[in-house]
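See below for the structure under consideration.
The values are calculated or read from the model by the stated rules, or taken from the named source; none is laboratory data. No experiment lies behind these values; they were computed from the predicted model shown. All Cβ positions, glycine included, derive from the backbone under ideal geometry; neighbour counts span all protein chains shown. Surface areas here come from the heavy atoms of the whole protein model, side chains and all, with no ligands, DNA or RNA. Shrake-Rupley method; radii C 1.70, N 1.55, O 1.52, S 1.80 Å.
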Amino acid sequence: MKLADLEIFVIAPPNPGMGGRYWIVPKLTTACGITGYGECYASSVGPEAMRAVIADVFGRYFEGESPENIERIFRRTYSSGFTQRPDLTVMGAFAGLEIACWDILGKARNRPVWALIGGRMNERLRAYTYLYPLAHHHPTEFWISPEMAGEAAADCVARGYTAVKFDPAGPYTMRGGHMPAMSDITRSVAFCKAIREAVGDRADLLFGTHGQFTPGGAIRLGQALEPYSPLWFEEPTPPDNHVAMAEVARAVRIPVATGERLTTKAEFADVLRAGAATILQPALGRAGGIWEGKKIATLAEAFGAQIAPHLYAGPVEWAANIHLGTTCPNLLLVETIETDFHRDLIGGTIKVENGFVHAPEGPGLGIEFNEDLARAHPCDRSGLHLEMQDTPCDWQNGNAFAGGSPD
């Protein structure tokens, strides 16, 4: 069984605020006709440039190789160009291709991917969702309204969710860490209070930030949130300084979570050694794929840490997350995004039911990728998958960060 052909889908989802401006899905085909799908969560360069990177990585390291040789292909790609160090763009390309290899291997053996990487540890996986406006909510005011957030949280709990994520703490900018405006702290506390009152002890609060604070600023914010006992404080400082994040972890009585922007076990090992986080959030389409994700989870287990695979992408990466999570004794949560487009792109084969996701039973990733739907939504957007704002925090007039929406 040899890898022979590559096709790349760059898809523009109808709602770019729920998963990003575009999703990059490589399709691999073996010489004997077995197909597999993956997803690349890489946004340092535009999608057309990523097409070229994916094609280059495929041509150098995957084409003509057996999809079984995951470790060998990883080492060759990781070492490309005399590097042997984490590279977001190259490893993002590799990750999408690697996930597709596992899809092929499962189909070739008529077994789900989880059965090939350790077996079923978890019959069902606890899911969480971001808070989005309800139909009657004003789409702009929602992001700064604790009351609307409480209503949305109650709706999620009514649908079975036991954890909800929100991030009212102001903008993330290209300037790096800043000190939060006092109004950002006040609003963040108000959100936690309103959501806790709405859900009681039926759901955990997941407080999201995007690396936008200095250690001192994150500590001020985190300590103000402690009375509401969030389950995590997500990426409170920029992801390139584990020592700074460890300072926050020592000073705040909320578990720190991080990992969306990290790649490979090397970077996650640095987080664990520094004591920067006890919850790791690898995005498998960036971190190095399913096998590298398994290694990250094992490292975390040895440090007494848990994993919560991150999702701000399409449903193919989500499927990979589900298969990894099925095998992990230290799984905490899996992120999910529920839209009709997410569902339809994989044929509705994996879904959230009463707040949990059952381990898939179909071969490979267990999805039915809808190529016609993918081709009907080609990407014609000029921006990157996500972008950071240029303007700094506004300490005078307040800040309004519109959740995950890039537009």
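Cβ-Cβ distances below 8 Å connect the following pairs, each with a first residue in region 160-185 that is at pLDDT below 90, a second residue that is of a type outside the set (A, V, I, L, M) and assigned to a strand (DSSP E or B), and a separation of six or more residues or different chains: 171/389; 172/389; 173/389; 174/389.
Restricting the first member to region 8-34 and to residues that are free of Cβ contacts under 8 Å to residues at least 60 places away in the same chain, and the second to residues that are open to solvent by 10 Å² or more (accessible area, probe 1.4 Å) and not in a loop (DSSP other than H, G, I, E, B), the beta-carbon pairs closer than 6 Å and six or more apart or on different chains are 8/51; 29/4; 29/5; 29/35; 31/4. Residues that are of a type in the set (Ser, Thr, Tyr), out of contact with any helix residue (DSSP H, G or I) (no Cβ under 6 Å at 6 or more places or on another chain) and at pLDDT 95 or above do occur in region 34-55. When 346, 337, 322 are checked against the criterion of being within 25 Å of residue 93 (Cβ to Cβ), open to solvent by less than 10 Å² (accessible area, probe 1.4 Å) and in contact (Cβ under 8 Å) with a residue 40 or more places away in the chain, 322 stands alone in meeting it. The helices (runs of 4 or more DSSP H) found wholly in region 140-259 and carrying at least 1 residues that are β-branched (Val, Ile, Thr) and surrounded by 23 or more Cβ atoms within 10 Å (Cβ to Cβ) occupy 182-199, 242-251.
To keep it simple, each residue is scored yes or no on (1) under 15 Å from residue 293 (Cβ atoms); (2) of a type outside the set (Phe, Trp, Tyr); (3) modelled with pLDDT of 95 or more.
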{"site": "61", "(1), (2), (3)": "no, no, yes"}
{"site": "71", "(1), (2), (3)": "yes, yes, yes"}
{"site": "90", "(1), (2), (3)": "no, yes, yes"}
{"site": "101", "(1), (2), (3)": "yes, yes, yes"}
{"site": "107", "(1), (2), (3)": "no, yes, yes"}
{"site": "115", "(1), (2), (3)": "no, yes, yes"}
{"site": "118", "(1), (2), (3)": "yes, yes, yes"}
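Could we say that residue 87 is open to solvent by 10 Å² or more (accessible area, probe 1.4 Å), more than 24 Å from residue 342 (Cα to Cα) and under 24 Å from the mean Cα position of the chain (by Cα) here? When the stated conditions are applied, residue 87 passes them.
For region 12-43, residues that are touching a Pro at 6+ places or on another chain (Cβ under 8 Å), of a type in the set (A, V, I, L, M) and buried (at least 22 other Cβ atoms within 10 Å of the Cβ) total 2.
Pairing each residue of region 99-123 that is without any contact (Cβ under 8 Å) to a residue 12 or more places away in the chain with any residue that is assigned to a helix (DSSP H, G or I) and surrounded by fewer than 18 Cβ atoms within 10 Å (Cβ to Cβ), provided the two are 6+ apart or on different chains, yields C-beta distances under 9 Å for 115/109. Out of the residues in region 285-310 meeting the condition of being of a type in the set (A, V, I, L, M, F, W, C) and under 22 Å from residue 116 (Cβ atoms), tell me which one is nearest to the chain's Cα centre (by Cα). Among those that are of a type in the set (A, V, I, L, M, F, W, C) and under 22 Å from residue 116 (Cβ atoms), it is 287. Looking at 135, 95, just one residue is free of Cβ contacts under 8 Å to residues at least 12 places away in the same chain and either of a type in the set (Gly, Ala, Ser) or part of a loop (DSSP other than H, G, I, E, B) (or both), and that residue is 135.
Residue by residue, here is whether (1) at pLDDT below 95; (2) part of a loop (DSSP other than H, G, I, E, B) holds:
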| position | (1), (2) |
| --- | --- |
| 321 | no, no |
| 326 | no, no |
| 347 | no, yes |
| 367 | no, yes |
| 393 | yes, yes |
| 407 | yes, yes |
